[in-house]
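Peer 1: Sharing a structure with you now.
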Amino acid sequence: MVHEVEMRAITKTFPGGIIADDRVDLTVNKGEIHALMGENGAGKSILMSILAGVYKPDSGVIKVSGKERKFSSPLDAIDAGIGMVFQSFKLFPSLIVAENVVFRAEPTKHGLLDTEAAVAKVAEIAKRYGLHVDPRAKVSDVPVGVLQRVEIIKALYRNAQVLILDEPTAVLTPQETKSLFEVLRTLKADGRTIILITHKLSEVMAVSDRVTVLRDGRNVAELITAESSPAEITRHMTGRDVDLTTPSPKNAPGKPVLEVNELTVPGLGKNAVNNVSFSVREGEIVGIAGVAGNGQVELAEAIMGMRPLSNGAVKIAGVDCTNQTIATRRDAGIAYIPEDRHGVGSAGTASATDNLALSHHRRTPLLQNGLLSRARMVEHAQRLIKQFGVKIASHETAVGTLSGGNLQKIVVARELANHTPLLIAEQPTRGVDIGSIESIHRELTEYRDNGGAILLISAELSEIMSLSSRILVMFEGEIVADLPSTEATEALLGMHMAGHKTVTDAERV
Ligand SMILES: Nc1ncnc2c1ncn2[C@@H]1O[C@H](COP(=O)(O)OP(=O)(O)OP(=O)(O)O)[C@@H](O)[C@H]1O
Ligand SMILES: [Mg+2]
């Protein structure tokens, strides 16, 4: 049988002795949705970047529709019918959607870009596959879920027969995920082939036909989804069983550590956060649920002092920090895991040692007699790398080369190691593999049981429900519900997240 994609014995190494992929095989049938799974750093993204012509393998063979191919650039891969949607989108913000789609393959009229033809073409592809976009919208005005659709349309415009998606749902709301899967099924019905990288087992079970599992750059399993189970796939990925249930708090909550009073944060047009009050106490995890874009990020940034308030007050560990700098707030006792681990969370060209020292560098033990101790920084980095199972060549490696999930672990490790009374954790397990979710959840509950207060902001309802004692729901900048987690169900939270409207079964994911 001729496979649509056949990769044989693909090996890719990087300087420093890192073997990203070690003689990996991947076979994908025409018209199937094939899930590629594995722990952080297993070699998934690199393998797919090779198939998309971004990297050249050290050795190995690639066949597309039975024909051997050697790609020197992404353009070669596109010519062979391979399109990839990367995790970070590659679009021009100042151009409209249609101009981005046709970039470098423009329809022309009298030698000039024929914008009307481009708009018509984009509208046609969008309609055919249910990819709702406005071809005339400016890319900078378009939300992230729509940008992803633009990238898919761009690949289809170039006639991609094989579409690779690298963790597409990490940035999507449940509703958007559901409609992405509808699109994937339509593409499949049209005879296209999809390769999907995801860490979410529920998604793999819902949408894929077959699964290839990698571990440490090697093949460990090739399964038919319908004949497998989440537990079996997890065992292949991690070599063990994973239990994501978390223990309830050992102690009753103590005194308030974070007090937010009538907080209002201006936004574009209307307030991003509107008159919000709540507190988080010692030994308590308070979760904020909500559809992305309802003020959660602005709330966290305002508490951290990264965004101006128009009203309200913030107290951290009893200290009024309303008008204080970020540094003063950190000294008062706050740590922060930001949603944006690339921009805000880390410095890509700096080493793990330097990244892990950030926010620790003005205190003992890293500070010794007023000077930063390099030896202590290294010791600190090595300990955290080990504790959090970060897959990295050495503590001197630049974090920009880490896989997505491993970079996330660096940020989480650094912030937890502050042992501050208060932690703001935004999407702490986004892009993290299931085994590491278990260990990050364990670190968070230990932090709580040692008396720490955590404000948890997460798009994963299951994460919010398993970790939090109390759940607040944000909708359009306001807290529309405040309930103990014992009373929360996904359906109830979903209803509040939609702004009290009754959620119909069709809307539920
Ligand atoms: N440019 C690079 N230089 C050095 N090492 C690299 C580079 N790019 C990737 N690596 C390493 O290759 C390995 C595989 O990375 P890859 O991005 O494929 O992992 P992944 O399976 O996609 O993980 P994740 O689930 O975290 O995204 C990792 O150990 C990573 O650190
Ligand atoms: Mg990856």
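Peer 1: So for the pair Lys270, Thr364, with labels modelled 7 Å out along Cα→Cβ, what separation do we get in nm?
Peer 2: Between Lys270 and Thr364, the simple spin-label model gives 5.2 nm.
Peer 1: Counting other Cβ atoms within 10 Å, keep those with at most 13, restrict to DSSP loop, and tell me which trypsin sites (Lys or Arg not before Pro) in the range 33-96 are left.
Peer 2: Details: sites: Lys44, Lys63, Lys67, Arg69, Lys70, Lys90; in loops: Lys70, Lys90.
Here the sparse-neighbourhood loop sites are Lys70, Lys90.
Peer 1: What is the Cα centroid distance between the range 77-123 and the range 423-469, reported in whole angstrom?
Peer 2: 40 Å
Peer 1: For the range 118-249, compute the number of Lys pairs whose alpha carbons are separated by less than 23 Å, excluding pairs fewer than 8 positions apart on the same chain.
Peer 2: 13
Peer 1: So what is log10(I(q)/I(0)) for the chain at q = 0.06, 0.10 1/Å, when the Debye sum runs over its Cα atoms only?
Peer 2: Values, matching the q order: -0.30, -0.85.
Peer 1: Let me ask another. In degrees, nearest 10, range 0 to 90: what is the angle between the Cα axis of helix 115-129 and the longest Cα principal axis of the chain?
Peer 2: Taking the Cα atoms of the chain, the angle to 115-129 is about 80 degrees.
Peer 1: Spin-label point model (7 Å from Cα, Cβ direction): what's the Asn450 to Asn311 distance in nm?
Peer 2: That separation, rounded to one decimal, is 3.9 nm.
Peer 1: Please give the Cα centre distance for the range 15-34 versus the range 297-351, rounded to the nearest Å.
Peer 2: 40 Å
Peer 1: Only sites in a loop by DSSP and with at most 14 other Cβ atoms within 10 Å count here; which trypsin sites (Lys or Arg not before Pro) in the range 293-372 make the cut?
Peer 2: On the way: sites: Lys315, Arg329, Arg330, Arg341, Arg362, Arg363; in loops: Arg341, Arg362, Arg363.
When the trypsin sites (Lys or Arg not before Pro) of the range 293-372 are filtered for loop state and at most 14 Cβ neighbours within 10 Å, Arg362, Arg363 remain.
Peer 1: Next question, about the same structure. Taking Lys391 as the anchor, which lysines have their alpha carbon closer than 16 Å to its alpha carbon, excluding any fewer than eight residues away along the same chain?
Peer 2: Lys44, Lys409
Peer 1: Taking only C-alpha pairs under 8 Å that are 6+ residues apart, what is the relative contact order of the chain in percent? Don't jump to the answer; show the numbers that get you there.
Peer 2: Values: 1035 pairs, mean separation 77.0, N = 509.
After rounding, I find 15 percent.
Peer 1: If you don't mind, another one. Using helices alone, I'd like the mean residue ellipticity at 222 nm for the chain: each DSSP H run of four-plus residues gives -39500 (n - 2.57), total over residue count, nearest 500.
Peer 2: Numbers: 16 runs with 161 residues, N = 509.
Calculated at 222 nm, the ellipticity per residue is -9500 deg cm²/dmol.
Peer 1: Counting pairs of alpha carbon atoms under 8 Å apart in space and at least six apart in sequence, what relative contact order in percent does the range 106-229 give?
Peer 2: Relative contact order here is 17 percent.
Peer 1: Can you tell me the relative contact order of the range 156-246? Whole percent, Cα pairs under 8 Å, sequence separation 6 or more.
Peer 2: Details: 84 pairs, mean separation 19.7, N = 91.
With pairs under 8 Å counted, the relative contact order is 22 percent.
Peer 1: Of Asn159, His236, Ala206, which is farthest along the charge dipole of the range 5-238 in the positive direction, counting Lys and Arg as +1 and Asp and Glu as -1 at C-beta?
Peer 2: Asn159
Peer 1: Moving on to the next point. Please report the net charge: other residues with Cβ closer than 15 Å to the Cβ of Gln382, K and R +1, D and E -1. Let's see the in-between values first.
Peer 2: Details: positive: Arg374, Arg376, Arg383, Lys386, Lys391, Lys409, Arg414; negative: Asp354, Glu379, Glu396.
Net charge in that neighbourhood comes out at +4.
Peer 1: Which of rounded, prolate, oblate describes the range 5-238, given a ≥ b ≥ c as roots of the alpha-carbon gyration tensor eigenvalues and a/c under 1.5 marking rounded, otherwise prolate only if a/b is larger than b/c?
Peer 2: Values: a/c = 1.94, a/b = 1.47, b/c = 1.32.
Judged from the Cα gyration tensor, the range 5-238 comes out prolate (a/c at least 1.5, a/b above b/c).
Read-outs throughout are calculated quantities, based only on the coordinates presented, and are distinct from any laboratory measurement. Here the structure is a predicted model, which means the values were calculated and not measured. Here the Cβ is made from the backbone with ideal geometry for all residues, glycine too, and neighbour counts use every protein chain on show.
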